[in-house]
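The values are calculated or read from the model by the stated rules, or taken from the named source; none is laboratory data. Values in this document were obtained by computation on a predicted structure and should not be read as measured data. All Cβ positions, glycine included, derive from the backbone under ideal geometry; neighbour counts span all protein chains shown. With ligands, DNA and RNA removed, areas are computed over all heavy atoms of the protein, side chains included. Shrake-Rupley method; radii C 1.70, N 1.55, O 1.52, S 1.80 Å.
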Amino acid sequence: MKLQIILIYLICIILSSIALVESSNKHHFKENDKVAFYVNNVGPYSNPTETYEFYTLPFCKPSSISYKKTKLGEILQGDSAVLSDYQFPFKSSFENKQLCEYTLNKEDIQKFKKAIGEYYYAEMIYDDLPIFSFVGTVDDSDPKNIRYYLYNHIPFEFDYNQDQVIRVNIDTEHIKVVELADQDEISLKLTYSAKWQPTEHEFSKRMDLYEEFFTKELEIHWLSVMNSFFLVVLLTAFLAIMIMKILKNDYSRYSKTDEEEDSDYQEDYGWKLVHGDVFRFPPYKNVFSAFYGIGWQFISIVCGILALSLFGMFYPNNGGNMYTAGIVLYALTSGISGYQSAKMYKNMGGSKWAWNIVLTATLFIAPLFVVVILSNTVAVTWHSTVALPILTMIEVITIWLFVGFPLTVVGGIAGRRLSENFDAPCRTKNFPREIPPIQWYRRLPCQILIAGFLPFSAIYIELFYIFNSVWGHSTYTLYGILCLVFLILINVTICITVALTYFQLSMEDHRWWWNSFINGGSTVVFIYMYSIYYYYYISHMYGLLQATFYFTYMLIVCFFFFILLGTVGFYSSLIFVKRIYRNLKSD
């Protein structure tokens, strides 16, 4: 496992180095050099997923439409950039340059009114820097007489450092508008201006300018994370001391031998009595092994993504690098899932090896494929740019078929041949022991509430910022905090799952395998409940397209983390159970 982690980190270092070299080579210009200016997408501000091509609105089009060459990640995030007629030579300032002059008919006016009423915003790209602007503004102070204004003059501001562009912004104070009244047609003249000013800000840190955290807010953010961190440390210490003290008392009681019986001796009770069943393998061995193997793969993927983020691979308008990295890492780490799944399956005495490999390869991919087909069908119906082209879908499937699936098979073969026998400290009896009645508040549903709430309470503050970034227009670049929060999540999951496993065994219930996995992954129940709350009470999202993408992809994300955290919970419980039974003297 250590070799696999080292390999992932080496890949991350190589990819980040290549990206930094390419990034530094293509952003140098001479004075008056032409720099391509692209218009990307338009869509309602409240619905970040609902995007359309820029020229679906009746803007004046170039004589010929030339699309920007897009990478896989850009296609996956719905980019559809088109080369525009805006001309911004490097370090060349000007005023009131005409873009075009044309006439809007009644239908075009209504399109603009609808877009302005839904607060459509446009995304533009200059030297790989994002620029955002609303299409227009609306005056709804008088509900009986709502007035719509279209932006017809946009003043751009450029910051540069020697021969590199550092920042592009729009001077909102000097935007000019034209009112769109109830008329059959209107003559429209679109103009723009450019103002260049020097800055000493370094090019390598230009994306820091797009961070939306103010100093005070960042301090509060750090304080909340550190508060969660110290609470986790206290929780870990408390649980560790409590479990160790209880175990010490248990060992002291169990160490009594039959010769030491006296009038006060009582029959043993607790987790010792299930020593002959505690390592009895769970039902549905194939499914359990597949979940376990995929969980290790997902742990590797998250570690790889976090490592790449710390190396500076992900930044605003980075061409969907995170999507690309996710697909590549999933394919390259498929061997981990095959290896770990086959290893566990052999330890359990499984024999259906073909089914084990197929389940491992498809248990996550199949639901994901269903979600993609469903959401893509809705996007195509709405003519949105987030609809994946058929060629892109074939490209992704090809990566999985010719890289991911073969590596899963190779990993499965290696796991089957290289795995050792299951090291169980206690021998399993031929017949399972009867489980005594268990109170309702100690059963699995209540365990799920406890096991899910504590880890969620440690990360819910960070979830707000992540949701604002993924399902909003905020920029998230605090990857150091994200790594710390992920470690907190793993630590709390381990602690609470181990504690619940101990209490379950103390009730003489030996069915801890699936329970520990489900308890470990139960945090996603609260994450999905939070996503529902976020959609209805925090965000302003609306419409079938946005709702379909939001709820279906959140379901897949929760399924992803259920498998990941479930594996963490089970593996930590397995180590704990082996440890406490290894030193137990049983008949």
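Based solely on C-alpha atoms, express the radius of gyration and the Dmax of the range 292-336 in angstrom.
11.0, 35
How big is the dipole moment of the range 324-425 about its Cα centre under a simple scheme where the beta carbon of each Lys and Arg is +1, that of each Asp and Glu is -1, and everything else is neutral? Debye, nearest 20, please.
With Lys and Arg at +1 and Asp and Glu at -1, about 260 debye.
Per 0.36 nm of contour for each residue apart, how much would the distance between T236 and N169 grow if the chain were fully extended, relative to their Cα-Cα spacing?
Value of the extension gain: 19.4 nm.
Which of P44, P89, V225 sits closest to the plus end of the dipole of the chain, meaning its Cα is farthest towards the positive end, when Lys and Arg get +1 and Asp and Glu get -1 on the C-beta?
With unit charges placed on the Cβ atoms, the residue in question is V225.
At 1.4 Å probe size, put W514, W471 in order of accessible surface, largest to smallest.
Descending order: W514, W471.
Which residues in the range 452-495 place their backbone N less than 17 Å from a point set 7 Å from the Cα of D208 along the Cα-to-Cβ direction?
476-481
With a point put 7 Å past each Cα toward its Cβ, work out how far I390 is from L487 in nm, to one decimal.
Placing both labels 7 Å along Cα→Cβ, they lie 4.9 nm apart.
Each label point is 7 Å from the Cα along the Cα-to-Cβ direction; what then is the distance between the points at E157 and R443, in nm?
Label at E157, label at R443, 6.4 nm between them.
Return the distance in nm (one decimal) between the two label points of a simple spin-label model at I575 and M244, each offset 7 Å from Cα along Cα→Cβ.
Reported label-point gap for I575 and M244 is 1.6 nm.
Just subtract the alpha-carbon distance of R582 and I397 from 0.36 nm times their residue separation and send over the number in nm, one decimal.
62.0 nm
Using the Cα centre of the chain as origin and beta-carbon charges of +1 (Lys, Arg) and -1 (Asp, Glu), tell me which of Q297, G412, I131 is placed farthest towards the positive end of the dipole.
Going by the Cα projections, it comes out as G412.
Angle check, please: helix 523-533 long axis (alpha carbons) against the longest principal axis of the chain (alpha carbons), in degrees 0 to 90, nearest 10.
30
Is the range 443-532 best put as rounded, prolate or oblate by its Cα gyration tensor, with a ≥ b ≥ c the root eigenvalues, rounded for a/c under 1.5, and otherwise prolate when a/b is larger than b/c, oblate when not?
Cα axes put the range 443-532 in the prolate bin.
In Å and whole numbers, how far do the C-alpha atoms of the range 62-181 stretch along each principal axis, longest first?
Ordered largest first, the range 62-181 gives principal extents of 52, 34, 27 Å.
Would you work out the relative contact order for the range 418-528, in percent, from Cα pairs under 8 angstrom that are 6 or more residues apart?
41
Using R₀ = 41 Å, calculate the FRET efficiency as 1/(1 + (r/R₀)^6) where r is the Cβ-Cβ separation of D423 and W382; round to 0.05.
E between D423 and W382, to the nearest 0.05, is 0.15.
Quick one: which residues, 5+ away or cross-chain, put their amide H under 5 Å from the amide H of L180? H built at 1.01 Å from N.
Placed amide hydrogens put Y148, Y149, L150 under 5 Å from L180.
Run lengths n ≥ 4 of DSSP H only: what is the helix-derived mean residue ellipticity at 222 nm for the chain, with -39500 (n - 2.57) per run over all residues, to the nearest 500?
Using -39500 (n - 2.57) per qualifying helix, the result is -17500 deg cm²/dmol.
Contact order normalised by length for the chain, with contacts defined as Cα pairs under 8 Å and 6 or more residues apart; what percent is it?
Answer for the chain is 17 percent.
Mind checking the dipole of the range 365-521: about its Cα centre, +1 per Lys or Arg Cβ, -1 per Asp or Glu Cβ, Debye to the nearest 20?
Around 400 debye, computed over the range 365-521.
Just to be sure I understand: if I project the alpha-carbon convex hull of the chain onto a plane and average over all orientations, what area do I get in nm²?
32.4
What part of the accessible area of the chain, given as a whole %, is carbon or sulfur when the probe is 1.4 angstrom?
Carbon plus sulfur share of accessible area: 60 percent.
On average, how much accessible surface per residue is there in the chain, in Å², for a 1.4 Å probe, leaving out ligands, DNA and RNA?
Roughly 51 Å² per residue, with all protein chains present.
Select from N468, T501, Y479 the residue farthest towards the positive end of the dipole of the chain; place +1 on Cβ of Lys and Arg, -1 on Cβ of Asp and Glu, and compute about the Cα centre.
The one lying farthest along the dipole's positive direction is T501.
Rounding to the nearest 20 debye, state how big the charge dipole of the chain is about its Cα centre with +1 on each Lys and Arg Cβ and -1 on each Asp and Glu Cβ.
Using Cβ point charges on Lys, Arg, Asp and Glu, the chain gives about 2040 debye.
Roughly speaking, what is the stretch gain from I450 to V138, that is 0.36 nm per residue apart minus the C-alpha to C-alpha distance, in nm to one decimal?
Separation in residues times 0.36 nm, less the Cα-Cα distance, equals 107.5 nm.
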